[in-house]
Amino acid sequence: MTLTLLLIAAAWWWWRYRRPRHGAGASAEARARALRTPLVRLTDAAGIPTRAGTLARNYARGADGERRTARRLTPLAHDGWHIFHDLALPTGRANVDHLLISPTGAVFLPDTKRWSAGRPVHIRAGRLLHGEQDVTARLDGLHHETRTVARALGVPVTPLVVMDGPPLLGPHDRPATELVLNGVRIVPADRITAYLRRQATIPGQRRPADLAAAVERHLPPYTHRHR
């Protein structure tokens with residue numbers, strides 16, 4: 001009886017915390033679950049800070065931000081957009097948060113950033129700052145993902161940052177609706193759908209259906225490839 005109960009408990013733990021899932025935020029949530037081992041969960045419950053616990057919370061917050069962005073993007077599907085979430089790149093361990101193909105065949109790669117709302121995001125001397133912290137390097141991954149997806153699909157890809165949380169400030173610290181740095185456009189999360197709808201007339205180089213098929217061939221769901 002004891003062995004049976006232990007097996008049941010182990011199966012429940014795997015199903016609840018380790019089983020593969022897919023969709024927006026799936027890979028970030030999987031990383032959070034993997035970090036939350038029984039020992040980490042015990043130390044969290046006891047109020048003992050650990051690096052694994054902090055990383056798990058960061059991944060969980062990121063997953064929540066990706067799901068929030070996915071909900072905001074959902075209405076675009078009714079306008080004829082193809083929408084994908086949490087895709088694996090052809091090589092390496094990086095993932096793509098979201099990938100959209102417009103009705104005209106233009107490709108956009110939005111990357112969700114859920115940062116503290118207490119500090120604004122702004123550009124100073126060619127650097128991206130969150131408050132006074134230089135976070136320019138946090139765009140490196142998006143540049144890499146954009147180049148890789150463009151090679152895989154054989155078409156230009158437009159990178160976007162969906163900023164979920166902090167306000168954007170433009171010149172003279174005035175509120176801004178968009179920022180642009182090194183080819184990356186940064187848009188507040190609550191404006192991303194309206195922004196993309198304005199881009200719906202940009203012509204692409206291939207038929208949307210052909211691009212969507214190429215995405216399914218070359219960029220599978222992350223949690224299907226990395227189980």
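Rule-based calculations on the coordinates, nothing more; no lab input. Just so it is clear, the model here is predicted, and its values are computed rather than measured.
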For semi-axes √(5λ) of the Cα gyration tensor in Å, the listed values are (i) 48, 23, 17; (ii) 33, 25, 14; (iii) 38, 18, 14; which was obtained by calculation from the structure presented?
(ii)
Considering every Cα-Cα pair within the stretch 158-227, what fraction, in whole percent, is farther apart than 14 Å?
72 percent
How much length would be gained if the chain were fully extended between Arg151 and Arg57, taking 0.36 nm per residue of separation minus their Cα-Cα distance, in nm to one decimal?
30.5 nm
In percent, what relative contact order does the chain have, based on Cα pairs under 8 Å that are 6 or more apart in sequence?
21 percent
